[in-house]
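Just below is one structure, and these are the notes that go with it.
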Amino acid sequence: MSKKIKSILTLVILSIIAIAAFLYFQSTRQQEEFGGFQEGTEQYYGYRYAQDNLKSVDQCDDDKDDPSMNFNEEFFQGCLKYFEHK
């Protein structure tokens, strides 16, 4: 193989490794960003609700009597977790 082909092949391989590493770290970073909860779970929604709407942990159960909130223990755990990481 010529030197030029080896250089191009090395560049392609390094690019693939860099892209794979970037995607891996992005996926792990996003999970940590939401308390490690899987998207679509009640804990995830509680975490996101706290992140988007609340200023203190004391507010986590303020809306528990609101039927539109679908407040439950898992939601509450997610809310509390947000303030543990904050």
Original post:
Which members of region 30-48 meet the condition of being in contact with a Gly (Cβ under 7 Å, 6 or more places away or on another chain) and at pLDDT 80 or above?
Top reply: Phe37, Glu42, Gln43, Tyr44, Tyr45, Gly46, Tyr47
Original post:
Does region 14-34 contain any residue that is touching a residue at least 12 places away in the same chain (Cβ under 8 Å) and either surrounded by 10 or more Cβ atoms within 10 Å (Cβ to Cβ) or among the aliphatic types (A, V, I, L, M) (or both)?
Top reply: yes
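The values are calculated or read from the model by the stated rules, or taken from the named source; none is laboratory data. None of the values given here were measured: they were computed from a predicted structure. Cβ: placed from backbone, ideal geometry, glycine included. Neighbour counts: every protein chain shown.
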